[in-house]
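Report on one structure; see the data block that follows.
The values are calculated or read from the model by the stated rules, or taken from the named source; none is laboratory data. Please read these numbers as outputs of a predicted model, since none were measured by experiment. Cβ coordinates were reconstructed from backbone atoms using ideal geometry, including for glycine residues, and neighbour counts include every protein chain displayed.
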Ligand code: GDP
């Protein structure tokens, strides 16, 4: 909890610190206060439509005298944020073995690092892990994944750059099956010549994997960089709808005050954030828990 709290302190400073400044010296909730709050939320990357929804609800509660002072307002906000963020975000359950996770997202978002962190997390939970170097578009991506695989102590299935990404992932699934490995985490290209190519490649990987395991991939996780703010929401829109993303890994929460974007991703896109990354070390990834996150934000 301490690591998380520290990791999201910039966002906490912006949102909660900002709220405290607005509330300073105020004993009552007036329209001006609500307007300032609204502006704060929009500039904290919470997103316009989600902000409107929150503020309208609060305004209602104020006029019905349910909320009488800034402290009550603060508590109501905490509760509201928790409710919004608290959508089902458990990993899809299955008896299949291996459990297959495709990881996608634009280059630089933190895919490789997050894959390594996930591998470590699964290992610590007693599961065996294999990585698949499915970003065959960049030689550097294959090397990077190998380095991280070594650090995390997990095998990496790869072919040379330029080879067929779907074939690499398929090989990894077969190999994991024969070795009774629990989890396969596959890297995929973050950029190809065109966006359509990228989407088609992801669809092809899924199609090919299904030949071996009809329910795989069990998870398609989209890695989004929190520092890109509303851009992350835009990417969620593009990827989410086209390739059946099952969840989001939101990275770099430590490097930004734009962590409010998590609210927009969950509320506007109805995409569950399954993991959050809040630092460069292998331990700085956690399954996302709405209650814990909001607690860390407000504390
Ligand atoms: P990829 O191109 O999507 O595979 O991105 P990488 O995994 O190589 O990450 C790009 C950069 O972001 C690297 O310098 C990582 O150390 C950094 N990074 C990834 N996740 C986080 C995070 O949660 N916090 C911070 N501060 N940096 C991160």
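Checked against (1) within 20 Å of residue 96 (Cα to Cα); (2) loosely packed, with under 15 Cβ neighbours inside 10 Å, residue 147 passes all but a single condition, namely (1).
The single condition from (1) within 16 Å of the ligand (Cβ to nearest atom); (2) assigned to a helix (DSSP H, G or I); (3) touching a helix residue (DSSP H, G or I) at 6+ places or on another chain (Cβ under 7 Å) that residue 149 fails is (3). For region 69-88, filtered to residues that are out of contact with any helix residue (DSSP H, G or I) (no Cβ under 8 Å at 6 or more places or on another chain) and outside any helix (DSSP H, G or I), the residue that is farthest from the ligand (Cβ to nearest atom) is 69. Across region 3-27, which residue is surrounded by the most Cβ atoms within 10 Å (Cβ to Cβ) among those that are within 22 Å of the chain's Cα centre (by Cα) and over 15 Å from residue 276 (Cβ atoms)? Filtering first and then ranking leaves 15. The set of residues in region 116-140 that are within 13 Å of the ligand (Cβ to nearest atom) and touching a helix residue (DSSP H, G or I) at 6+ places or on another chain (Cβ under 7 Å) comprises 116, 119, 131, 133, 134, 135.
When region 270-295 is filtered for residues that are under 12 Å from the mean Cα position of the chain (by Cα) and away from the ligand (no atom under 11 Å from the Cβ), the ones remaining, listed by number, are 271, 272, 273, 274, 287, 288, 289. Going through (1) buried (at least 22 other Cβ atoms within 10 Å of the Cβ); (2) closer than 21 Å to residue 271 by Cα; (3) within 16 Å of the ligand (Cβ to nearest atom) one by one, residue 107 falls short only on (1). Just one of (1) touching a helix residue (DSSP H, G or I) at 6+ places or on another chain (Cβ under 6 Å); (2) at pLDDT below 90; (3) not in a loop (DSSP other than H, G, I, E, B) fails for residue 265. It is (2).
Restricting attention to region 110-123, does a residue exist that is outside any helix (DSSP H, G or I) and free of Cβ contacts under 8 Å to residues at least 60 places away in the same chain? Give the derivation first.
Pass one, region 110-123, residues outside any helix (DSSP H, G or I): 110.
Subset that is free of Cβ contacts under 8 Å to residues at least 60 places away in the same chain: none.
Scanning region 110-123 turns up no residue that is outside any helix (DSSP H, G or I) and free of Cβ contacts under 8 Å to residues at least 60 places away in the same chain.
Residue 25 meets each of the listed conditions (1) touching a helix residue (DSSP H, G or I) at 6+ places or on another chain (Cβ under 8 Å); (2) outside any helix (DSSP H, G or I) apart from (1). If you check 58, 40, 34 for being outside any strand (DSSP E or B) and either in contact (Cβ under 8 Å) with a residue 40 or more places away in the chain or surrounded by fewer than 19 Cβ atoms within 10 Å (Cβ to Cβ) (or both), only one passes: 34.
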